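*Asks:* Shown below is the structure under consideration.
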Amino acid sequence: MARVRLRVPAPRPAFATGAVATASITPIDLPQAPHAAAARVDTPPLSRREKGRGSEGMPPAPTPAPHTAAREGRSVPAHARIVAEVLAARHFRHLSPDLVTRVTAVEAPKAPRHADAVDRVKRRLHQVANAYVPALHAPRDAIDAIRAAAGDADALRVLAVSLMHGHASTAERLPTLDLVGPALRRVIGTGVDLPPRRVVDLACGLNPLLLPWLGLPRDCTYEAYDVDARLVGIVDAFLQAWGQSGSASVRDVVGDPVGGTADLVLLMKAVPCLDQVRAGSARTVLSGIHARRVIVTWPIQSLGGTAKGMRATYRRACDALVADLPYVVAEVAIPGELAFVLDRAPGAGPDA
Ligand SMILES: C[S@@+](CC[C@H](N)C(=O)[O-])C[C@H]1O[C@@H](n2cnc3c(N)ncnc32)[C@H](O)[C@@H]1O
């Protein structure tokens, strides 16, 4: 097996472990679940005023006069200034400008002053994207390593495992990768007469790095979309190195939904995230594409007692997501996730 040398300084978590040394899944420092991570990691720089807001035990920040925004004359040019300031910030410059613009349109009118508006937008962007990648370091080194391993399936598997630590959603799958891979394989294959020709992975994170475990034909076109350009760079390099047809693109799939007809759409652990800015967005996204099969999942960290409530909540969320859409829904077993397969209803046809 070819060895891949990473130009990453030793103990940094995302790419240092395992990538060079071993093909097995080594003990790891898993990031907390995204929802927990959102409160814990990679917190963007916020003003002292915004930090105080909403903190338990802290006096509430003074409520600004409601007419301040109007006095500042905030309007479209003011929103453009917020977008520019956010995109210039180190923690946010990798995000889709479309997403930043959309979040600004929703969040900025709620804040009286420019600085508050910028803080609000950053906070929301952290929740929908940055919170998932507390351990994503040196993405350029990752891309170099992937390219160096191109065509070497064993080396790419090892790299994929190492890199998947860098995103909370894929990191959660690693301890049970031996089970998740076959489970996904079964779900992708079950009941489908033909292997998928077009797979669309919406809000993909580093999910496409599971490709070595999915058994998809290399000529199946795999399209992956995320708002984080660093993830997209890694995923695109991986698709090429693995020899998979397709590509990864930076895209706000809510503001700019992916259309057409797909054999398989993956909407994994992404519904709460897409609905963060505006409720119902994930449903709009799903309605925009004509899929033969959709795999939609929600994260469940624990299968013990506390997960029961989450399961019930997410089952209701799935019902709401699919209501009136032409799909037949079945719950399927994927370790650590509450998963549903949506199959296009018989007679619904590709354009129903
Ligand atoms: C919970 S993670 C799930 C990642 C992946 N699907 C998985 O299961 O491993 C959600 C991902 O959605 C991305 N995201 C959030 N809002 C998005 C949007 N509007 N369009 C595209 N991607 C988005 C985030 O950057 C993040 O990587």
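*Asks:* Check Gly215 against each of (1) away from the ligand (no atom under 16 Å from the Cβ); (2) at pLDDT below 95; (3) out of contact with any Lys or Arg (no Cβ under 6 Å at 6 or more places or on another chain); (4) not β-branched (Val, Ile, Thr) and name the one condition it does not meet.
*Replies:* Of everything listed in (1) away from the ligand (no atom under 16 Å from the Cβ); (2) at pLDDT below 95; (3) out of contact with any Lys or Arg (no Cβ under 6 Å at 6 or more places or on another chain); (4) not β-branched (Val, Ile, Thr), Gly215 misses just condition (3).
Conditions (1) farther than 16 Å from Val332 by Cβ; (2) aliphatic (A, V, I, L, M); (3) within 14 Å of the ligand (Cβ to nearest atom), marked per residue:
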site: Thr176; (1), (2), (3): no, no, yes
site: Ala183; (1), (2), (3): no, yes, yes
site: Val187; (1), (2), (3): no, yes, yes
site: Arg198; (1), (2), (3): yes, no, no
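*Asks:* Residues in region 84-108 that are more than 11 Å from the ligand (Cβ to nearest atom) and outside any helix (DSSP H, G or I): how many?
*Replies:* Going through region 84-108 one residue at a time, the tally reaches 5.
*Asks:* Sort through Thr297, Thr284 and tell me the only one that's of a type in the set (Val, Ile, Thr), out of contact with any strand residue (DSSP E or B) (no Cβ under 7 Å at 6 or more places or on another chain) and outside the structural domain of Val103 (by TED's automatic domain parsing).
*Replies:* Thr284
Results for (1) surrounded by 23 or more Cβ atoms within 10 Å (Cβ to Cβ); (2) more than 9 Å from the ligand (Cβ to nearest atom), shown as yes or no for each residue.
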{"residue": "Thr221", "(1), (2)": "no, yes"}
{"residue": "Asp226", "(1), (2)": "yes, no"}
{"residue": "Ala229", "(1), (2)": "no, yes"}
{"residue": "Val235", "(1), (2)": "yes, yes"}
{"residue": "Ser247", "(1), (2)": "no, yes"}
{"residue": "Arg251", "(1), (2)": "no, no"}
{"residue": "Gly255", "(1), (2)": "no, no"}
{"residue": "Val265", "(1), (2)": "yes, yes"}
{"residue": "Ala270", "(1), (2)": "yes, no"}
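*Asks:* Regarding Gly215, is this residue assigned by TED's automatic domain parsing to the domain that holds Gln276 and farther than 19 Å from Cys273 by Cα?
*Replies:* yes
*Asks:* Those residues that are outside any helix (DSSP H, G or I) and either farther than 16 Å from Met268 by Cα or of a type in the set (D, E, K, R) (or both), I need them from region 165-183; list them, please.
*Replies:* His165, Gly166, Glu172, Arg173
*Asks:* In this structure, is Ser162 within 14 Å of the ligand (Cβ to nearest atom) and either buried (at least 20 other Cβ atoms within 10 Å of the Cβ) or assigned by TED's automatic domain parsing to the domain that holds Ser96 (or both)?
*Replies:* Considered against the rule, which asks whether it is within 14 Å of the ligand (Cβ to nearest atom) and either buried (at least 20 other Cβ atoms within 10 Å of the Cβ) or assigned by TED's automatic domain parsing to the domain that holds Ser96 (or both), Ser162 comes out as no.
The values are calculated or read from the model by the stated rules, or taken from the named source; none is laboratory data. Being a predicted model, the structure only gives us computed values, none of them experimental. As a convention, Cβ positions derive from the backbone with ideal geometry for all residues, glycine included, and neighbour counts pool all protein chains shown.
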